[in-house]
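Each remark here refers to the structure printed beneath this line.
The values are calculated or read from the model by the stated rules, or taken from the named source; none is laboratory data. Quick caveat, the model's predicted, so the values are computed rather than measured. Cβ placement follows ideal geometry from the backbone for every residue including glycine, while neighbour counts extend to all protein chains displayed.
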């Protein structure tokens, strides 16, 4: 008993130490390997996703191909084991908790095919609304290897696994972000897994849900191309199975077209309609129309207000000798 307690203590010390040092993908793999020293299993799954539609968008698989979850989508809606695990958030469930589970299509057409004749899993609610994480341990044997003692241990460890994962994600951001930079760690399905700086506040300008990216920005993630919304500019880079997303606030002038910004700058510099028209080789009436339109976009009514806006954005622009992201 004393030796087992020492092994658990050593596991927890290593868990939090690795959380502060490893990348998110490697942290989960290392943790699952070490967990095998406390609870025997053949393969393990640690992931997360949206509970409502049972869509797993963030997965680490140890000893098994990720297809085990990709193919599970075909039976997810009728999987009675998933039903009971979702109804017991924070508790640990086993296949044997579901009456006649081994007669169901989910077991025979999916889990058994991947060598999961026994499973013990815990689902935990995360801070993001509707997002859950899970850790499942599987064994390819008909023998009930996950005894009550193993269940109690798994149940006791799950809060530590969840807490350490949040620490790991946050420290990962701190390693990759400047002190005041707005950066988020994003899952493949656009969930904000962790944020740094004013990331959440900036995202509110683009989305009703600050815990998930809007659809247009989600679509831009894999491309790595700069993206511009109503109030922010964004650029993403891959970090293993995740993305690092950097946000930068756009001033009011970002609402203008390139031509409108050009005319606005000439106008506040003191040029007349005719002088701007000559410089840009357009008609004075076109200049007048552009200025009328940009006043409407910026919700201003005078040249003084326009000059103030241009001055603010000039003050906020990065200097050539100052590092700037975004």
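Brief remarks follow.
- Test: residue in region 154-166 that is out of contact with any helix residue (DSSP H, G or I) (no Cβ under 6 Å at 6 or more places or on another chain) and part of a loop (DSSP other than H, G, I, E, B): no
- Within region 1-15, residues that are at pLDDT 95 or above have Cβ atoms under 7 Å from residues that are part of a helix (DSSP H, G or I) in these pairs: 11/34; 12/160; 14/34; 15/31; 15/160; 15/164, counting only partners at least 6 apart in sequence or on another chain.
- The set of residues in region 151-195 being out of contact with any strand residue (DSSP E or B) (no Cβ under 7 Å at 6 or more places or on another chain), closer than 30 Å to residue 108 by Cα and crowded, with 17+ Cβ neighbours inside 10 Å consists of 153, 157.
- Where strands (runs of 3 or more DSSP E) fall wholly inside region 1-99, the ranges with 3 or more residues that are more than 24 Å from the chain's Cα centre (by Cα), in the same structural domain as residue 112 (by TED's automatic domain parsing) and buried (at least 17 other Cβ atoms within 10 Å of the Cβ) are 92-94.
- Criterion applied to 131, 107 was being modelled with pLDDT under 95 and surrounded by 22 or more Cβ atoms within 10 Å (Cβ to Cβ), and the one residue passing it is 131.
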